[in-house]
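Only one structure is covered here, and it is reproduced in the block below.
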Amino acid sequence: MARRLLVLAVFLLAGVEKSVGCDACGCSAMGSGVGLMAAFRQNSLGLQYHYTPFSSALEHAHGARDYFHTMETVFRFHLATRNVRRHPGENQSLGGFGDTRLSLSYALLDQKPLGKKATLYVEAGLGVKAPTGAYDENLLNKNLPENFNTGLGAWGGIFQTNIGINLKNSGVALSGNYQSNWIPEGKYQFGDQWSGQAYAFHQFFAGARLKVTPYAGGAAEWVAQDRQADGKYAPATGGSGVFAAVGCNLQVGNWLFGGSFLTPIKQQYSNDEVKAKGRFSLQFARIF
């Protein structure tokens with residue numbers, strides 16, 4: 001029985017539009033992963049889009065808003081990242097490649113029976129983030145926070161877990177991802193990042209080829225404070241958020257279409273200088 005699963009995630013092309021605004025950053029929030037795909041032992045190749053907006057809570061920022069757009073393929077392949085800051089009066093642009101992520105996961109428990117009807121799937125993985133992305137050490141001088149760089153300028157380590165509990169046509173999907181950024185002393189150091197999700201789902205079948213899977217639950221993320229080149233904590237960085245989430249997957253034969261929406265229920269980003277807004281993700285995949 002095959003118990004090993006190779007996971008390849010690559011951050012590639014990234015583009016940014018920017019404008020003059022506040023110094024507070026909309027934290028380097030991580031992507032929301034592959035959703036319910038973690039609950040099923042299936043191979044897939046597809047495309048996902050994530051939209052993550054933040055707005056400034058500072059009066060002198062005059063309504064500055066940050067928009068993080070991430071496009072990724074699903075063979076666990078990161079395809080593109082696009083970050084946008086909109087501000088009344090002036091817009092500028094910045095483009096470049098993103099960092100690359102490579103990881104290998106192992107199925108610790110592969111559909112292990114839980115009682116007579118339920119099964120458990122547990123997967124854990126390790127990986128590395130390579131500094132292939134564009135990084136500008138002087139981005140602050142251009143009135144943008146450091147996290148608007150499409151790359152972090154250093155190597156990093158990744159640990160991830162996926163857990164799926166299935167009971168007939170229902171179940172629970174859990175996932176977590178931790179990234180440690182290995183940035184040398186004497187350079188700007190981005191804080192480590194963690195994100196997690198928990199969803200309950202139910203599958204409805206309409207004929208032999210159509211399956212509808214609504215799900216609901218929550219997600220959370222935490223970003224440590226950045227450190228400046230002198231080792232001091234960077235002001236207005238880091239934060240955390242808890243989100244309520246709903247979504248639905250539609251599978252027609254081997255083709256899967258999905259969408260999800262997350263709304264913040266508790267948050268604290270950049271010393272409350274920015275506020276997270278509602279997020280959404282779209283998914284398109286081929287299962288084989």
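Some points to look at:
- If you go through segment 175-198 and keep only what is hydroxyl-bearing (Ser, Thr, Tyr) and in a loop (DSSP other than H, G, I, E, B), you end up with just Tyr188.
- With respect to the conditions (1) surrounded by 22 or more Cβ atoms within 10 Å (Cβ to Cβ); (2) in a loop (DSSP other than H, G, I, E, B), Pro235 falls short on a single one, namely (1).
- Residue check for Gly217: touching a Lys or Arg at 6+ places or on another chain (Cβ under 8 Å), over 30 Å from Glu185 (Cβ atoms) and among the small types (Gly, Ala, Ser): no
- Filter pass, Gln251 being surrounded by fewer than 20 Cβ atoms within 10 Å (Cβ to Cβ) and not in a strand (DSSP E or B): no
- The single residue among Leu140, Leu126, Leu104 that is at pLDDT 90 or above, open to solvent by 60 Å² or more (accessible area, probe 1.4 Å) and either over 24 Å from Ala236 (Cβ atoms) or hydrophobic (A, V, I, L, M, F, W, C) (or both) turns out to be Leu126.
- Applying the set (1) in a strand (DSSP E or B); (2) touching a Pro at 6+ places or on another chain (Cβ under 8 Å) to Pro214 leaves exactly one unmet item: (2).
- Selection from segment 199-211 of residues that are in a strand (DSSP E or B) and either open to solvent by less than 50 Å² (accessible area, probe 1.4 Å) or touching a Gly at 6+ places or on another chain (Cβ under 7 Å) (or both): Tyr199, Ala200, Phe201, Lys211
- Hits in segment 155-179 (condition: farther than 13 Å from Ser103 by Cβ and among the hydrophobic types (A, V, I, L, M, F, W, C)): Trp155, Ile163, Ile165, Leu167, Val172, Ala173, Leu174
- Look at segment 266-288: where a residue is of a type in the set (Asp, Glu) and a partner is open to solvent by less than 30 Å² (accessible area, probe 1.4 Å), sitting 6+ places away or on another chain with Cβ atoms under 6 Å, you get Glu273/Ala24; Glu273/Ala236.
- Candidate set from segment 270-283 (those that are surrounded by 14 or more Cβ atoms within 10 Å (Cβ to Cβ) and under 16 Å from the mean Cα position of the chain (by Cα)); member that is nearest to Thr52 (Cα to Cα): Arg279
The values are calculated or read from the model by the stated rules, or taken from the named source; none is laboratory data. Everything quoted here is computed from the prediction, not taken from an experiment. A quick note on method: Cβ atoms are made from the backbone with ideal geometry, for glycine too, and the neighbour counts reach across all protein chains shown. Surface areas here come from the heavy atoms of the whole protein model, side chains and all, with no ligands, DNA or RNA. Shrake-Rupley method; radii C 1.70, N 1.55, O 1.52, S 1.80 Å.
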